[in-house]
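Taking it in order: structure first as C-alpha cells, then the write-up.
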Amino acid sequence: MATIIAVTACPTGVAHTYMAAEALKKTATMLGHSISIETQGAIGAAGGGAHPALTADSIAAAQLIIVASDIHLDMSRFAGKMIYATSTSEAIRHPAQVIEAALALIGITSSPGSSAAAPATAQAAVTAKPQRQRIVAITACPTGIAHTFMAAEALKKWAAAHDCDIRVETQGSVGAKHLLTEAEIAAADVVVIGADTHVDTSRFAGKRVYKTSVGRALKETDQVMQAAFALPVASAQPDLTNAAMQKTPNQKSTAGGAYQHLLTGVSYMLPLVVAGGLIIALSFVFGIEAFKQPDTLAAALMSIGGGAAFALMIPVLAGFIAFSIADRPGLAPGLIGGMLASQLQAGFLGGLIAGFLAGYVALGLRQYVRLPANFEGLKPVLVIPLLATLIVGLIMVYVVGTPAKAIMDALTQFLQSMGSTNALLLGLLLGGMMAIDMGGPINKAAYTFGVGLLASHAYLPMAAVMAAGMIPPLGLGVATMISKRRFTADERVAGKAAAVLGLCFITEGAIPFAAKDPLRVIPPCVAGAAVTGALSMYFGCELRAPHGGLFVLAIPNAVNFLLPYLGAIVAGTVVTTSLLMFTKQPLHSA
C-alpha cells in the first residue's frame, strides 16, 4: 500500500476540480492505497470541507504526489517528493491509469506493463508541469482603436500569469491582425470573443466559445476567463457546438443584442464619416462657400466628401446593422433601406429603423420560409433579398419616411435655434456621458448621437462630444506630471501615455486609472468633461470631422471657432486635474 497525496485544480475550481478529486480518491481506495486530497481553484486551496488544505505532516508522510491541474500551481512545498503531473480531464477519465503510472515512479506496479507509461527518469517526473491550456481570442470594438488592443493585451497578461498559451486576433480599424490559423483554432481548449461588433464564429465549430463585450474583457479579465473555462466541453456536432456557445447565467455580454448590432453599423460607417468630414473641411481651406463655384478644387472636394462619402453614411449604417442581425441575407435590404432613408431625408433615425427592420425581416424569412430541397440555394441570392427589400422598401416609403423626417427636422431645428441655457444643459449631458464609462455603452451612445447628426448638417454635438472625450486622459496625464506624490511610479509613466491618447481623442487612455481607483478618478473626469461639453455648446463650436482629436484642428475651418474650442478643452482639463488633487491623497511611499 502506498501513501499518496493528490492535488486537483482547474481555472474555476468547481466542476473539474472536484470530479478529478473524487475519481482519484475512489480509485486509489479500491486499489488499497491511502490517499489525501487537496482541491484548488483560481483562489488557491479549498482550505476546508471534503478536501482541506494539506498539512506539513501529511506532505512529509507521502511517498508520491499526483498533481492533476489545468492551471499553474506552486510546487515548492513538495520539494524532494516524487511528483506525477497530469490534467484534470485525464484524472477524471482514466484515474486508474494515472495512479498506475504515478506508482511506477516509486517502483510499485499494480498490473503488468503499467510501468511502461512512467517517465524514463525520476528527474523528469519531478520537473513535470501541468499541461498548458491553449486559448484563442478575438477582440473588436466599433472604432477598432483603443479597446480592441487594450483588451488583447489584458488577455495576454492573464494568460502569461496563469501559464497558458494564447493567440489573440484583433479586428481593428485597418482590418484583422494576427489572424488565427486553422491549426491554432484546432488546438485551442477555449475561444474567447470580446467584441462590441459582429464577429463570425462559424470557424469555431466544435469549440467552447465564450462571448462577452470588449470592455468586460479589458476590465474583468479574470472573471471572463474563469467563466470561459467553466463552459462545457463542446463536441464536433453542430447542435452541441451551438449549445456550448450559449450565454451562461453569469455571462454578461452584448452579443446578439441591439447594442451590438448598432455598434457594428457604426463601426462600418465611421471610416466614411471621418474621410468625408475631413475632405469637406479641406474644401473650406479655399473659403467657406468656395465649393459653390463649379469646376474648382473646392467643388471637387465637396463632391467627394459631401456628395459621395456622406451620401453613403446612412446606407452603410443600415446595411451593416442588418448584416449583424441576419448575416449576408440582411445586407442588400439594409443597404437599400438606408438609401431610401437618405433619399427621403429621414436621416440617422431613418437609417437606424431601416437597418433593424431589414435585419429582422431577413432573419425571419431565413428561418420561416421553406422551399423544396432543390430550390434552397435560391433563398440567399433571390428569395430573401427580393422579399426583404420589397417589405423594407414599402414600409420606409409609406410608413417610416415622413415621420422620421419630421423628427429629424425638429431635432435639427432645435439644435440650431436653442438658447444658451439649453446648449449648456445638452453640453453637460453629452460631456458627462463621454466620461462616465470611457468607451463603454454610455460613451458610445453619446458619440453615435454626435456622428449621426452630421448627416443632417448639425455639427454642434459632434464638437462637444469630441472635446469632452479628450478630457479624462488629458486631465489624468497633467495630474501625474504636476502632482507626482499622488501617483505611483507606474501611474506616472502611464500618465504620459494617457495624455498623448487624450490629444488623439482616445478616451480609453484613462481606463487603467479608473479601473484601479474608480471612486476617486471617475467623478473628476465626468466633471471636467461635462464642463468642456457645456462650454463647447455655449460657444457655438461646430466640428465637421468626427475623430482625430487635437490634430484635426490643424485643418482650417474644421472647427468654426477654434480659440473658444481650445479654451473649452483647457478649462475641462483644469477642472479634472484640480479635482484629482482633492480626491487623490498623497502616497506615503511617494
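Filtering ALA354, ALA341 for residues that are over 30 Å from SER202 (Cα atoms) and not assigned by the TED database to the domain that holds HIS457 leaves a single hit, ALA341.
Listed by position, the helices (runs of 4 or more DSSP H) contained in segment 467-541 that have at least 3 residues being open to solvent by 50 Å² or more (accessible area, probe 1.4 Å) and touching a Cys at 6+ places or on another chain (Cβ under 9 Å) form an empty set.
Residues in segment 560-590 that are of a type outside the set (Phe, Trp, Tyr), open to solvent by 70 Å² or more (accessible area, probe 1.4 Å) and under 23 Å from PRO523 (Cβ atoms): VAL570, VAL574, GLN585, ALA590.
Pairs meeting the criteria (first residue in segment 15-30 and under 16 Å from ILE65 (Cα atoms), second residue open to solvent by 10 Å² or more (accessible area, probe 1.4 Å) and of a type in the set (Val, Ile, Thr), beta carbons under 6 Å, at least 6 apart or on different chains) are ALA20/ILE92; ALA21/ILE37; ALA23/ILE92; LYS25/ILE35; LYS25/ILE37; ALA28/ILE35. Taken over segment 411-425, the residue count meeting the criterion of being touching a residue at least 24 places away in the same chain (Cβ under 8 Å) and open to solvent by less than 40 Å² (accessible area, probe 1.4 Å) is 3. Determine if segment 167-180 includes at least one residue that is assigned to a helix (DSSP H, G or I) and among the small types (Gly, Ala, Ser). Scanning segment 167-180 turns up no residue that is assigned to a helix (DSSP H, G or I) and among the small types (Gly, Ala, Ser). For segment 373-394, check the following and say yes or no: at least one residue is in contact with a Ser or Thr (Cβ under 8 Å, 6 or more places away or on another chain), surrounded by 23 or more Cβ atoms within 10 Å (Cβ to Cβ) and not assigned by the TED database to the domain that holds HIS198. Taking every residue of segment 373-394 in turn, none turns out to be in contact with a Ser or Thr (Cβ under 8 Å, 6 or more places away or on another chain), surrounded by 23 or more Cβ atoms within 10 Å (Cβ to Cβ) and not assigned by the TED database to the domain that holds HIS198. Screening segment 124-149 for residues that are among the hydrophobic types (A, V, I, L, M, F, W, C) and open to solvent by 40 Å² or more (accessible area, probe 1.4 Å) and picking the one that is modelled with the lowest pLDDT gives ALA124.
Name the single residue that is surrounded by the most Cβ atoms within 10 Å (Cβ to Cβ) among those in segment 306-327 being in contact (Cβ under 8 Å) with a residue 60 or more places away in the chain and of a type in the set (Val, Ile, Thr). The selected residue is ILE321. In segment 490-501, is there at least one residue being more than 26 Å from GLU220 (Cβ to Cβ), among the basic types (Lys, Arg) and free of Cβ contacts under 8 Å to residues at least 60 places away in the same chain? Yes - at least one qualifying residue is present in segment 490-501.
Considering segment 542-553, the residues that are in a helix (DSSP H, G or I) and of a type outside the set (Gly, Ala, Ser) include one that is nearest to ILE436 (Cα to Cα), namely LEU550.
For ALA458, the criteria (1) over 20 Å from the mean Cα position of the chain (by Cα); (2) among the hydrophobic types (A, V, I, L, M, F, W, C); (3) closer than 20 Å to ALA554 by Cα hold in every case but one, which is (3).
The values are calculated or read from the model by the stated rules, or taken from the named source; none is laboratory data. Here the structure is a predicted model, which is why all the values come from computation and not from measurement. Glycine gets a Cβ as well: all are built from the backbone with ideal geometry, and neighbour counts include every protein chain shown. What goes into the accessible areas is simple: the full protein's heavy atoms, side chains included, and nothing from ligands, DNA or RNA. Shrake-Rupley method; radii C 1.70, N 1.55, O 1.52, S 1.80 Å.
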